[in-house]
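A short worksheet on the structure shown next.
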Number of protein chains: 6
Amino acid sequence: MSSLTHFDAEGRAVMVDVSAKDETDRIATARGQVRMEPATLTRIMDRAVEKGDVLAIARLAGIMASKRTAELIPLCHPIPLNSVTVDLVCRPEDSLVEITATCRTKGRTGVEMEALTAVSVAALTVYDMCKAVDRGMTIGDIRLTHKSGGKSGPYENR
Amino acid sequence: MSSLTHFDAEGRAVMVDVSAKDETDRIATARGQVRMEPATLTRIMDRAVEKGDVLAIARLAGIMASKRTAELIPLCHPIPLNSVTVDLVCRPEDSLVEITATCRTKGRTGVEMEALTAVSVAALTVYDMCKAVDRGMTIGDIRLTHKSGGKSGPYENR
Amino acid sequence: MSSLTHFDAEGRAVMVDVSAKDETDRIATARGQVRMEPATLTRIMDRAVEKGDVLAIARLAGIMASKRTAELIPLCHPIPLNSVTVDLVCRPEDSLVEITATCRTKGRTGVEMEALTAVSVAALTVYDMCKAVDRGMTIGDIRLTHKSGGKSGPYENR
Amino acid sequence: MSSLTHFDAEGRAVMVDVSAKDETDRIATARGQVRMEPATLTRIMDRAVEKGDVLAIARLAGIMASKRTAELIPLCHPIPLNSVTVDLVCRPEDSLVEITATCRTKGRTGVEMEALTAVSVAALTVYDMCKAVDRGMTIGDIRLTHKSGGKSGPYENR
Amino acid sequence: MSSLTHFDAEGRAVMVDVSAKDETDRIATARGQVRMEPATLTRIMDRAVEKGDVLAIARLAGIMASKRTAELIPLCHPIPLNSVTVDLVCRPEDSLVEITATCRTKGRTGVEMEALTAVSVAALTVYDMCKAVDRGMTIGDIRLTHKSGGKSGPYENR
Amino acid sequence: MSSLTHFDAEGRAVMVDVSAKDETDRIATARGQVRMEPATLTRIMDRAVEKGDVLAIARLAGIMASKRTAELIPLCHPIPLNSVTVDLVCRPEDSLVEITATCRTKGRTGVEMEALTAVSVAALTVYDMCKAVDRGMTIGDIRLTHKSGGKSGPYENR
């Protein structure tokens, strides 16, 4: 039976040893969304045609945060990243911004935490930039949607 | 009509000037949750009686992340924090971990981003520590639930 | 005769004691520029009408770097910032991008290093984003242009 | 025709994918200078024979900053560095301090941003340490002078 | 005769060039201790059976600090870590907490600084958490106890 | 009976609320030492008359680390520092380098962790710079020697 890997036999937290793992090409994609008032989304969409729009700033914040994942998540391995993309799309039909982040590395551990961190910080940035007009926004549905390259095989979730 | 405050008249991003704001006692509380398989939650709850459990590590990650909010959120003001608490509660009836963070400062801007960042990073840490047994966990319902101390008056959301 | 203040009487580096200084409203503005091929500047200006342009990204990088000045400059005091603005203007007649940063705080030391750091990192970011098409760009003329609020009185340089 | 590489086809910022690039030995050298009053330079040169001199502190600040380049420059890849040197030379005939930084790695992307960041932060540190006696110093002429090891071939500038 | 390696021939600090070194599996273990009043140790030991105990928090702080060694130690190379463990054991017979950290990487330089940094920050965290009841605690005996994998051969100290 | 303050009533870690504490002038001094082979100390002392000596670099590393204390120590409050000094003295009679750090702030919590962190990182830096010639060095006797300005009254330890 598999168990929580971040603990040793006596229940103490460890950064697990990945020395024996192969250096393979690893990709992970994560998704999430920020729900808001329709009027807030309209503002973002209106802004999006100008310089310095909300989505561009949140995209950058997500990319930069992915590089600092190992500083934020206590037992996460520090790994170089070969590629990071963060996309934010306005979905007026659902009154939300949808965020997708994909990270890629050649390394011994997966990059799902980097992708999830990019999505989370991009979402927080959208909140920060719109909170003056809409304090009731909700960040949600943050999840791993794709993972490949590790020993555990590819993972696909919608 | 109020507008997005993080841009100047020409649409350029700025860290807004808070010099004219009063230094007041400001508190913010945020909430969120991590949904997972019942078996995953059971593992966390079983661990919780030992040393080094998932919830204690996620709590610490959330507290530490709140101190670095201004590094992560591009236009967020750096502010000292007088207090941070992060609580994680297992809700087996809903098969989720509920996270609540409260931050407090005496300053010129609110601390809602600090509380939301604490919740987000605590949630990411729960994901990281359990992902070997449950890749389908979803982080969601991250929102501001309480805010007081600023010019805009108190805010309460459930 | 005044001397270099970051050393004690025996020539050892110190972070100087500012305890006795007043907390006053302090503002500093710095300027700099990135010289480049006319064709490179044209690209930036063409981009500037789209989402995600070079100038918006450099502006954000400058703002974010100003918050981390005390981590980069060894003997600089950590201080909160009440406001940061970074502007980048294309000057096709001189084939350069001109960068201006203004920082403001209420504190015991000036914010000229924060403004100069914002200009420097914004300039480095312009370089990074255009280096694939123009490796010969030069960053220069970085200087303090305005300072007010300290005991030494206001400073104005063009 | 080559274009700005840090954007995708729709103009959105990305950290470009370097997975397909070879891991080669890469070296980059950058230069810059700090112009100042002759009297300020004299002080630095007098200090330079004692412990804790300005140039030694600026050298260290430059080396340390090069390690954090990917945190400062939004779309820069995080890469390990195999070697960093920063030299500062007083040029009394021109009343300036000349700064040269060389970085080396074995990786998939060049290290010119690391070298340019080292020069910039070393220059800012010289400014910080001398600003009490000379607020009119100017940082300038920061440029790439050598690059080798990438697919685009060696680059030499002066 | 060997000399201090972090300086060039003219006595200037450098991050030494490790390009020519082999990428080998490298392990280092460091030890240290925090001496305290017996009553303080008793408190820690009593806590240790509950959630959120001192030792678990210090362990996490040590692991996280090891990842940031290159930011703290000026001339240390940034390297990825494949594994980090930090153990804290109460020794009531000596009235102290003993700390042991082991780091592992596959790289061109050793990880002794990472292990020593983990021990030091874990010790500082024990101090921080107990200082309200015992300001006279002493951190000491921090040393390298094992090192293997480099050109200089294995090292063993007790 | 006083208890460990970093836990709430249920044993969960918190960053304690200091809102009710007065902003007072607070000073703390910490000490520590690095024991080494006499030949190693001789090298340091010989170097100390040149540019870029070990002690100057360790001093700078200690000052810079004190500014990042709240990032390293999980439950430490982020506070501005008004002054930091770090001194390193060679004691050939005991074959060690003695390190003393003093920090000062005007704030709601003490700065003993900042002083202890400065000493620890300065000691680690001495180790790093001399480890090629002496792997058996020991860092020890790190302790608080003076504290004033808080509600608990002044503290003096040798």
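The values are calculated or read from the model by the stated rules, or taken from the named source; none is laboratory data. Everything numeric here is computed off the predicted structure, so don't read it as measured data. Glycine gets a Cβ as well: all are built from the backbone with ideal geometry, and neighbour counts include every protein chain shown.
Summary of values
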| item | result |
| --- | --- |
| Residue ID - surrounded by the fewest Cβ atoms within 10 Å (Cβ to Cβ), chosen from residues in the range F:10-38 that are in contact (Cβ under 8 Å) with a residue 40 or more places away in the chain and basic (Lys, Arg) | F:Lys21 |
| Flag for B:Asp87 being of a type outside the set (A, V, I, L, M, F, W, C), under 19 Å from A:Leu124 (Cβ atoms) and under 17 Å from the mean Cα position of the chain (by Cα) | no |
| Flag for E:Thr42 being more than 21 Å from E:His6 (Cβ to Cβ), more than 17 Å from the chain's Cα centre (by Cα) and β-branched (Val, Ile, Thr) | yes |
| Check on F:Arg108, modelled with pLDDT under 95, within 27 Å of F:Met15 (Cα to Cα) and of a type outside the set (A, V, I, L, M, F, W, C) | yes |
| Wholly within the range E:39-158, strands (runs of 3 or more DSSP E) carrying at least 1 residues that are within 11 Å of chain F (Cβ to nearest Cβ) and either free of Cβ contacts under 8 Å to residues at least 24 places away in the same chain or crowded, with 24+ Cβ neighbours inside 10 Å (or both) | E:138-148 |
| Candidates C:Lys147, C:Lys131 - the one that is touching a Phe, Trp or Tyr at 6+ places or on another chain (Cβ under 6 Å) and not small (Gly, Ala, Ser) | C:Lys147 |
| Given (1) over 25 Å from F:Phe7 (Cα atoms); (2) among the hydroxyl-bearing types (Ser, Thr, Tyr); (3) out of contact with any Lys or Arg (no Cβ under 8 Å at 6 or more places or on another chain), index of the condition F:Ser83 fails | (3) |
| For B:Glu98: the one exception among (1) more than 21 Å from A:Pro78 (Cα to Cα); (2) in contact with a Pro (Cβ under 9 Å, 6 or more places away or on another chain) | (2) |
